[in-house]
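Down below is the structure, laid out as structure tokens.
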Amino acid sequence: MKRYSGTVLVVGATGKTGQWVVKRLQHYGFDYRLFVRSGEKALEKFGTEVTDRLTIGSAEHELEIVAACRHADALICALGSNVMDPEAPPPSAIDRDAVIRLATLAKAEGVKTFVLISSLAVTRPEHPLNKYGRVLDMKLAGENEVRRLFGEPGFAYTVIRPGGLLDGPPLQHRLILDTGDRITGSIDRSDVAEIAVLSIDAPEARNRTFELIRAEDAPQESLLSCFRQLN
């Protein structure tokens with residue numbers, strides 16, 4: 001794989017999916033930066049090699065977002081609310097408002113490519129997950145604004161809607177990519193991260209929204225060919 005020459009900012013890097021995004025960026029030798037709430041947690045997860053790559057802050061604060069985006073060319077957003085934690089911010093604050101704020105300010109700071117990790121079933125308002133703070137509705141609102149902002153000429157977006165998230169290693173399954181929010185299934189976080197990283201520079205993923213699940217076991221060297229399913 002040809003290495004992307006820009007700098008990639010990861011938002012939500014210390015979450016379970018975000019950690020895999022960082023690992024795959026490191027695997028491919030991308031230049032990356034991390035926007036995290038806790039520098040201590042980031043160092044615990046990734047080691048001292050990320051010390052000079054950190055911006056500490058929250059996607060709920062504009063000035064901190066601006067500082068994080070200042071030298072980024074692309075952004076992978078792995079933010080997600082924790083609907084099981086009553087003390088955590090609600091989906092409206094994270095999956096909608098923080099994503100919209102992040103996309104708006106990132107574009108203003110010159111970020112050209114925005115990759116958003118969303119969720120399967122966001123177009124199904126009666127889905128059981130929507131009982132928790134209308135989380136799917138909030139994710140869809142965030143998606144819509146990313147598409148509006150980064151769908152303009154000179155910019156690009158990719159919206160990835162993974163199925164139920166699992167914790168296996170990457171590149172161990174054939175993947176199914178589809179559009180129209182018609183499929184159901186599960187997917188390893190590691191493969192979601194792989195697809196997110198590849199989406200930055202894959203022409204087939206430019207300005208596309210697609211669902212992502214895994215199929216049968218099929219160890220492979222690269223997932224780049226998966227994007228052909230979108231044509």
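The values are calculated or read from the model by the stated rules, or taken from the named source; none is laboratory data. Because the structure is predicted, anything quoted here is derived from the model rather than measured. Positions of Cβ are backbone-derived with ideal geometry, glycine not excepted, and every protein chain shown enters the neighbour counts. When the accessible area is computed, the model is the full protein with side chains, heavy atoms only, and any ligands, DNA or RNA have been set aside. Shrake-Rupley method; radii C 1.70, N 1.55, O 1.52, S 1.80 Å.
Picking from Glu64, Glu87, Glu44, Glu49, which residue would you name as being among the acidic types (Asp, Glu) and within 22 Å of Val146 (Cα to Cα)?
Numbers: Glu87 fails: within 22 Å of Val146 (Cα to Cα); Glu44 fails: within 22 Å of Val146 (Cα to Cα); Glu49 fails: within 22 Å of Val146 (Cα to Cα).
Exactly one residue qualifies, and that residue is Glu64.
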Quiz item: For the range 174-231, which residues satisfy the criterion of being in a strand (DSSP E or B), open to solvent by 20 Å² or more (accessible area, probe 1.4 Å) and not aliphatic (A, V, I, L, M)?
Solution: Arg174, Asp178, Ser186, Arg208, Thr209, Arg214, Glu216, Asp217
Quiz item: Being within 19 Å of Ser119 (Cβ to Cβ), of a type in the set (Asp, Glu) and surrounded by fewer than 17 Cβ atoms within 10 Å (Cβ to Cβ), is that true of even one residue in the range 149-170?
Solution: yes
Quiz item: Is at least one residue of the range 165-179 of a type in the set (Gly, Ala, Ser) and over 29 Å from Asp73 (Cα atoms)?
Solution: yes
Exercise. Test each condition in (1) without any contact (Cβ under 8 Å) to a residue 12 or more places away in the chain; (2) in a loop (DSSP other than H, G, I, E, B); (3) under 22 Å from Gly164 (Cα atoms) for Leu120 and report the one that comes out false.
Key: (1)
Self-check item: the range 62-89, residues that are surrounded by fewer than 18 Cβ atoms within 10 Å (Cβ to Cβ) and either in contact with a Cys (Cβ under 9 Å, 6 or more places away or on another chain) or modelled with pLDDT of 95 or more (or both)
Solution: Glu62, Leu63, Glu64, Val66, Ala67, Asp73
Practice problem: Please work out which one of (1) at pLDDT below 95; (2) among the aromatic types (Phe, Trp, Tyr); (3) within 15 Å of the chain's Cα centre (by Cα) is the condition Tyr132 fails and give its number. | Solution: (3)
